[in-house]
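Remarks on the structure that follows.
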Amino acid sequence: MKNIKLLFIGMFLVSMGCTESYIDEIVRVEPGPDVSAPEVNISFPLEGTLVRVVEDVTPININFEVIDDIEIESIQVSLDGTQIASFDEFLDFRRFVKTHTYPKLANGTHILTITGKDISGKSTTKTVNFEKVEPYTPVYEGEVFYLPFDGDYTELVTITNPTVNGNPGFAGGVKGLAYLGANNANIAFPTTNLTNPEFSAVFWYKVNGAPDRAGIMVMGPPDTNNPNNMNNRSGGFRLFRENAGGKQRVKLNVGNGSGDNWFDGGPAADIDPAAGTWAHVAFTISGTQCVVYINGQIASQGNFSGVSWAGCNILTIASGAPRFTEWGHLSDGSLFDELRIFNKALTQSQIQTIINAEKP
């Protein structure tokens, strides 16, 4: 009985509250004049975006936003002059955020157009020009990695982007642009498809003599005994340079699993920074020997029993860090261009063919 009385009293108080207007009434507020045209923002693709994938046709996510001061009436999305989507129903009539997937973007240049219209008839159109780049086809037999450095760091055979450390940049290259090294900078790729029994790398190199020693390319294992200053040379390779009477001497160290071998050509491996010219650098690793080439000429070669790739999960370009730092071979301020890696040991004539095709 007591509970019934309490329930009755509670209902009475609620009723009295509503009657005595203790709950505020909803009052309509006029939206005011429609002053501004809609604002259209496209976050992807951006002007000049290059879409790179291994397929000739690919889906693309178009990310955009339309904002209006009063109310959006409609939105149209067009690609190359053809409408591909439209919207006229909005939960939030002042702001619409959308990711629209276009399923079949083909190779070539494209024009994306998005128009937002408000209820007073004002409209805004935003246009973006971008390109779906034709997939790269390896030029040479055994080519598994190609990095042209033409304004980005994308590797084109597998369409892989590296981890970019520091603030490297770009400058004029042998073809198009080139990688420009900077202090405490490098790029690092996973080594998927690179750890083969035979290995070759070729690239163009304009050496900057400061600092007077640096890592050029490194694929080495971690150093658990010295994690803050690594120098485990039991596997992989370390291509680096050091001062030699004002010139820079290119050296190669390769690990076979139980030890390491040195391939130092002496003066034949020297590049003069003062010359300010491009040099072509190449090296090959097979199960019987390693060879270093400068401008197509043998700078160093020797017998070798075969490389061990155990633990070699990072390819670092333009620095010895993080796997080869104990001796101070850190970031390289030089220029790099047209880097290719092969799953075979190239011959001298094959290297010369590449030089002839690319030389400035």
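The values are calculated or read from the model by the stated rules, or taken from the named source; none is laboratory data. Quick caveat: nothing in here was measured; it's all calculated off a predicted structure. Reconstructed Cβ throughout: ideal geometry from the backbone, glycine too, with neighbour counts over all protein chains shown. Please note that ligands, DNA and RNA were not included when accessible areas were found on the heavy atoms of the full protein model with its side chains. Shrake-Rupley method; radii C 1.70, N 1.55, O 1.52, S 1.80 Å.
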Rg/Rh over Cα atoms for segment 182-256, Kirkwood Rh, comes to 0.97
State the answer as a single residue: which of Ser120, Phe96, Tyr136 lies farthest towards the positive end of the charge dipole of segment 89-136, with beta carbon charges of +1 for Lys and Arg and -1 for Asp and Glu, about the Cα centre.
Ser120
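So if I place +1 on the C-beta of Lys and Arg and -1 on the C-beta of Asp and Glu, and nothing else carries charge, what would the dipole magnitude of segment 120-163 be about its Cα centre? I want it in debye, nearest 20. Spell out each step's value before the answer.
On the way: 3 positive and 7 negative charges, 117 e Å.
So the dipole magnitude of segment 120-163 works out to roughly 560 debye.
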Subtract the Cα-Cα distance of Asn356 and Val133 from 0.36 nm times their separation in residues, and report this length gain in nm to one decimal.
77.7 nm
Mind scanning Lys104/Lys359; Lys175/Lys251; Lys247/Lys344 and naming the pairs with a C-alpha gap bigger than 29 Å?
Lys104/Lys359; Lys247/Lys344
Skip the ligands, DNA and RNA, and give the accessible area per residue of the chain with a 1.4 Å probe, whole Å².
49 Å²
Segment 183-257, dipole about Cα centre (Lys/Arg Cβ +1, Asp/Glu Cβ -1), debye to the nearest 20
280 debye
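What is the ratio of the Cα radius of gyration of segment 216-257 to 2.2 N^0.38 Å, with N the residue count, to two decimals?
Details: Rg = 11.9 Å, N = 42, 2.2 N^0.38 = 9.1 Å.
Scaled against compact globular proteins, the figure is 1.31.
Fully extended, how many nm does the chain gain between Leu46 and Asp80 (0.36 nm per residue separation, minus their Cα-Cα distance)? Working shown, then result.
On the way: separation 34, 0.36 × 34 = 12.24 nm, distance 1.52 nm.
Value of the extension gain: 10.7 nm.
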Among Gly236, Gly181, Gly172, which one shows the biggest mean-square fluctuation in a GNM of the chain, springs joining Cα atoms closer than 10 Å?
Gly172
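Loop sites only, by DSSP: take the GluC sites (Glu not before Pro) in the chain that have at most 12 other C-beta atoms within 10 Å and name the longest stretch containing none of them. It would help to have the intermediate numbers written out before the result.
On the way: sites that count: Glu20, Glu25, Glu47, Glu55, Glu89, Glu141.
Result for the longest clean stretch: 142-360.
Output the Kirkwood hydrodynamic radius of the chain, Cα pairs only, in Å rounded to one decimal.
Details: mean 1/r = 0.0406 Å⁻¹.
By the Kirkwood definition, the hydrodynamic radius is 24.7 Å.
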